Amino acid sequence: SAACHYREHLQYLHNQFPVMSIWGSAGTGKSITAGIVTWLNGTDYMQQDSVVNAPSATTWSMLEYCASTTTVPRIIEEYNKSKMSPSSYRDTGERIKQSWGRESAMRGKPGSSSMSRVSAETVVIPISSPLIVISEQEIEMPAIQERAIRVHLTKTKRAGRRAELETARRLRQSLRQFGKVLMGDALRTTLDDIDDYMGRADILLPERMDDRPRYSMQVVLLGLWKMREVLE
């Protein structure tokens with residue numbers, strides 16, 4: 001969520017940005033955690049803003065949702081293979097995969113005003129939003145796994161942290177203020193600064209790590225370092 005403020009820098013330098021995949025059984029705090037943390041981005045998915053429920057979304061509504069921002073994360077809930085038709089699961093998966101490189105989805109229909117060999121009316125829609133995907137089952141598509149930061153939440157992991165969760169919920173307006181400072185920092189940050197952070201992160205990671213997971217971890221470290229820098 002912090003790194004999303006620097007999405008345009010990363011897009012210009014690398015044309016890539018990872019998906020956040022949060023998965024785990026019901027009651028592990030996936031939705032509330034994502035809802036609280038994204039206050040850093042100026043959203044309020046707990047009351048005012050809406051997440052998209054993957055099984056009930058149409059193709060066009062999902063496309064519009066995933067193309068509606070450039071630096072503000074959008075949350076896709078219930079992306080579970082067992083609850084969706086094969087075609088809907090596949091189409092939503094394509095939107096998620098396309099967000100990595102801000103690829104465009106094309107929609108069109110035959111044209112009616114031309115007798116040329118190729119006559120079509122097309123719409124090109126870039127999948128520009130950073131995406132947070134929440135599911136009960138781990139995403140099985142290798143193409144998305146390669147492009148995602150995958151976080152597995154369990155009831156065991158959240159045990160003993162109820163007080164911290166309630167504190168974060170109660171003081172979430174402070175995250176909004178912190179996010180505004182991050183946004184101001186992003187406006188002052190140069191491409192060379194971001195390139196330097198990514199280079200520092202690259203040195204810390206194992207040599208044999210694959211390129212896409214490696215890049216995702218660099219983005220995570222960039223976000224954490226920027227949060228620490230702004231807090232100081």
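The values are calculated or read from the model by the stated rules, or taken from the named source; none is laboratory data. The shown structure was predicted, so the numbers you read here are calculated from the model rather than taken from an experiment. Here the Cβ is made from the backbone with ideal geometry for all residues, glycine too, and neighbour counts use every protein chain on show. The area values use the complete protein model at the heavy-atom level, side chains included, leaving out ligands, DNA and RNA. Shrake-Rupley method; radii C 1.70, N 1.55, O 1.52, S 1.80 Å.
With respect to the conditions (1) buried (at least 20 other Cβ atoms within 10 Å of the Cβ); (2) within 25 Å of residue 183 (Cα to Cα), residue 54 falls short on a single one, namely (2). For residue 82, the conditions (1) part of a helix (DSSP H, G or I); (2) at pLDDT 95 or above; (3) more than 26 Å from residue 171 (Cα to Cα) all hold with the exception of (2).
Where helices (runs of 4 or more DSSP H) fall entirely within the range 124-232, those with at least 1 residues that are among the β-branched types (Val, Ile, Thr) and closer than 30 Å to residue 61 by Cβ are at 142-146, 211-231. The set of residues in the range 1-35 being of a type in the set (Ser, Thr, Tyr) and open to solvent by 10 Å² or more (accessible area, probe 1.4 Å) consists of 1, 12, 25, 31, 33.
Each residue in the range 57-83 was checked for being over 21 Å from residue 123 (Cα atoms) and either open to solvent by 20 Å² or more (accessible area, probe 1.4 Å) or among the polar types (S, T, N, Q) (or both), and 9 of them qualify.
The condition of being under 24 Å from residue 95 (Cβ atoms) and hydrophobic (A, V, I, L, M, F, W, C) holds for only one of 181, 133, that being 133. Just one of the listed residues (167, 154) is among the hydroxyl-bearing types (Ser, Thr, Tyr) and more than 21 Å from the chain's Cα centre (by Cα), and it is 167.
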